[in-house]
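Worksheet: the structure to be examined is printed underneath.
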Amino acid sequence: MRITTKLTEKTQEAISELYDISEFDISFEQTNPKFEGDLTLVVFPFLKYSKKRPEDTAEEIGNFLTKQVHEIKSFNIVKGFLNIQFSDEYWLNELKDHVNLGIQIPKIGDNNKIVVEYSSPNTNKPLHLGHIRNNVLGYSICQIFDAVGFDVVKNNLVNDRGIHICKSMVAYQKWGNNETPESSGLKGDHLIGKYYVKFDKNYQKEIQELIAKGIDKEEAKEKSSLMIETRNMLQKWEQGDTNTVALWKQMNGWVYEGFDHTYKRLGVSFDKIYYESDTYLLGKEIVQEGLKSEVFFKKEDGSIWIDLTPEGLDEKIVQRSDGTSVYITQDIGTADLKYNEFKMDKFVYVVGNEQDYHFKVLQLILKRLGKSYADGLYHLSYGMVDLPEGKMKSREGTVVDADELMDEVVATAKKQTEELGKTDGMSSQELSDLYEVLGIGAIKYYLLKVDAKKRMMYDPKESIDFQGNTAPFIQYTYTRIASLLRATEQVNFEVPAILNPIEKELVKLISNYPNVILSAANNYNPSEVANAVYEIAKSFNKFYHELSILGEQDHNTRCFRISLSNSVGHTIKHGFNLLGIQVPNRM
RNA sequence: GGUUCCAUAGCUCAACCGGAUAGAGCAACGGUUUUCUAAACCGUAGGUUCCAGGUUCGAGUCCUGGUGGGAUCACCA
């Protein structure tokens, strides 16, 4: 809203002329709906200088602004609040701009490059609800950055090697009987997950047996024959043993087939995929450089550390005494790899908040190493997803499987749609597409409407309820509009005499929508977009219920309402696109 | 134990860098359809914003202390 800038400037003039204040932080806010007005200026901060009552101060500023800004129709004062009201003409011009120019988003990104790493799965088990939150958040924030003019690289770093992968491999070798996705009918990632679970069960059993023999727990973990086999497997893998690598490739291949299916259904994608098997050795040279420049230091046993106590953290190891690297070493190396490849201005990690400490450390190390890009690092730290029974624990089998969840909620969409019986004449293909759009949309919206930073509760019952603040509610609003527009032609409108309050509210919401996108980008927070779209949908339903659109007799008013509906539809679709959610034309 | 994040209606969440009488959805209760899709709309009820202090013209929001909960602090990833 350009008007805000204009008002801010004029207010600056007003207070400098009236009270001789030169520099002052002036901010207008949206008028609380309980009061009359569009924008509000709080005048309390000026009282020191005006030395007048709040009401009189507001009066003076209000008069000044009304004279200078012709868009202002009137103002009212409640205590220290100056509520400014614009003319209907002003709002109608806002809508006209929207109709003629589309959604005007300030391109604050200025084509700067931003690499967003998200998803980053392990290839030893299928995706679960927590991963869905990650994927959906990552994808959405990419869409939002793209919308505000960044050059976005969607990046996935696949964790495809390591001890946990070897566990599935050992179990498969022992008990797999050459089972394949085809022979078992299992999706590849689920097949591998089955052997990961099998490993853990037998491993736990073995430990119990050893403990029963009087060996203590720590030692039992060391002596477990399964674990010894697994460690040998990892060693063989690192040495490039042909059979081991072949098995690894085969099993990972199955997992990727499974993941591809899940990603596709979720509607997420990547521009650049790194595999940890290619990157896990990176960072070692940087450790050596850092040692030379005395950013790192070596202990007697040969292990290499960095002292972060000046920053209030601990000493952190960056290389083991046996010369192998640890997790953070890889991350240092991968950050460098990314920078060399993309020369990005910002790089974002969409990773759960249990790794807050890790990313704090990573950024500090990069800074200490003098890496120019270190300041561009941002950890988009999101909260865990809890279930009504408590935390999700893969070991206790309380995780919500991504594929099962999608099946369930799509089935619910089907059932609901059939019960309502409004889809006569749609082909079976159209119908199954619709159920996907509704079901997957419902899951995504459920996860995205909550502030990303916050831990959230996933209630299965609530997630398949399509009433209220849900994707299907908003999608339904969209189909109402689509249906209206099918029944009429493109129209132009002139200014109707009086703007109805609900009409004005809708125009305001649409006009403010670009600000919402900016704010969502600045705060790395898609939920702001979700909530704004919800507000718009809610208001539209009220409008739709209260006022006649196609049936309106006055030609100009009818055309205006059609245009308004059209703009609402565009905005909903645009917002949902930023969330990675589709909209149907009928439901 | 050190560090860190969180606590808002019965439940799940909002509240735009400190602004007005803290808002939605679900659940409960009551109403709305011969009229553009009722997956909708309207109304009623529901609050000491965990507690105690402090800063301020003004605090759910900032500071201090407490209570309760999560995460993290490995030569794990």
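The values are calculated or read from the model by the stated rules, or taken from the named source; none is laboratory data. None of these values were measured; they are calculated from a predicted model. Virtual Cβ from ideal backbone geometry, glycine too; neighbours counted across all protein chains shown. Side chains are part of the model used for accessible areas, which takes the heavy atoms of the whole protein and leaves out ligands, DNA and RNA. Shrake-Rupley method; radii C 1.70, N 1.55, O 1.52, S 1.80 Å.
Below, the figures for the structure above:
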item	result
Pair list, Cβ < 6 Å and 6+ apart or interchain, from the stretch A:156-170 residues that are within 17 Å of A:Y203 (Cα to Cα) and in contact (Cβ under 8 Å) with a residue 60 or more places away in the chain to residues that are within 11 Å of RNA strand B (Cβ to nearest atom) and in a helix (DSSP H, G or I)	A:I163/A:L234; A:C166/A:L234
Scan of the stretch A:274-324 for residues that are crowded, with 17+ Cβ neighbours inside 10 Å, more than 20 Å from A:K371 (Cα to Cα) and touching a Leu at 6+ places or on another chain (Cβ under 8 Å), ordered by number	A:Y274, A:E276
Residues of the stretch A:287-318 classified as among the aromatic types (F, W, Y) and within 12 Å of RNA strand B (Cβ to nearest atom), total	1
Sole exception among (1) at positive phi; (2) free of Cβ contacts under 8 Å to residues at least 40 places away in the same chain for A:G580, by number	(2)
Candidates A:F28, A:F64, A:F44, filtered to the one that is farther than 17 Å from A:K6 by Cα and among the aromatic types (F, W, Y)	A:F44
Test result for A:Y513, within 12 Å of RNA strand B (Cβ to nearest atom) and either crowded, with 20+ Cβ neighbours inside 10 Å or outside any helix (DSSP H, G or I) (or both)	no
Qualifying helices (runs of 4 or more DSSP H) (wholly inside the stretch A:209-268; at least 2 residues being small (G, A, S), modelled with pLDDT of 90 or more and open to solvent by less than 90 Å² (accessible area, probe 1.4 Å))	A:242-266
Evaluation of A:K52 against (1) closer than 30 Å to A:P496 by Cβ; (2) open to solvent by 40 Å² or more (accessible area, probe 1.4 Å); (3) within 16 Å of RNA strand B (Cβ to nearest atom); (4) part of a loop (DSSP other than H, G, I, E, B) (one fails), failing number	(1)
Unique residue being within 14 Å of RNA strand B (Cβ to nearest atom), assigned to a helix (DSSP H, G or I), of a type in the set (V, I, T) and within 20 Å of A:F28 (Cβ to Cβ) when the list is A:T57, A:T66	A:T57
The stretch A:155-178 - residue that is more than 15 Å from RNA strand B (Cβ to nearest atom) and of a type in the set (A, V, I, L, M, F, W, C) and, of those, most open to solvent (accessible area, probe 1.4 Å)	A:W175
Pick from the stretch A:535-553, criterion open to solvent by 10 Å² or more (accessible area, probe 1.4 Å) and more than 7 Å from RNA strand B (Cβ to nearest atom), ranking: modelled with the highest pLDDT	A:E535
Search result, residues across the stretch A:1-36 that are open to solvent by 40 Å² or more (accessible area, probe 1.4 Å) and in a loop (DSSP other than H, G, I, E, B)	A:M1, A:D20, A:S22, A:E23, A:F24, A:D25, A:S27, A:N32, A:P33, A:K34, A:F35, A:E36
Test set (1) farther than 22 Å from A:N100 by Cβ; (2) without any contact (Cβ under 8 Å) to a residue 24 or more places away in the chain; (3) not charged (D, E, K, R) - A:N469 fails condition number	(2)
Qualifying residue in the stretch A:299-307 (condition: assigned to a strand (DSSP E or B), of a type outside the set (S, T, N, Q) and closer than 23 Å to A:I141 by Cβ)	no
Tally of residues being under 20 Å from the mean Cα position of the chain (by Cα) and either more than 21 Å from A:N523 (Cα to Cα) or crowded, with 17+ Cβ neighbours inside 10 Å (or both) across the stretch A:353-368	2
Options A:L92, A:L39, A:L82: the member that is out of contact with any helix residue (DSSP H, G or I) (no Cβ under 6 Å at 6 or more places or on another chain), within 15 Å of RNA strand B (Cβ to nearest atom), open to solvent by less than 30 Å² (accessible area, probe 1.4 Å) and closer than 28 Å to A:A497 by Cβ	A:L39
Failed item, numbered, when A:N525 is tested on (1) out of contact with any Pro (no Cβ under 8 Å at 6 or more places or on another chain); (2) touching a residue at least 40 places away in the same chain (Cβ under 8 Å); (3) under 21 Å from A:N93 (Cα atoms); (4) open to solvent by less than 30 Å² (accessible area, probe 1.4 Å)	(3)
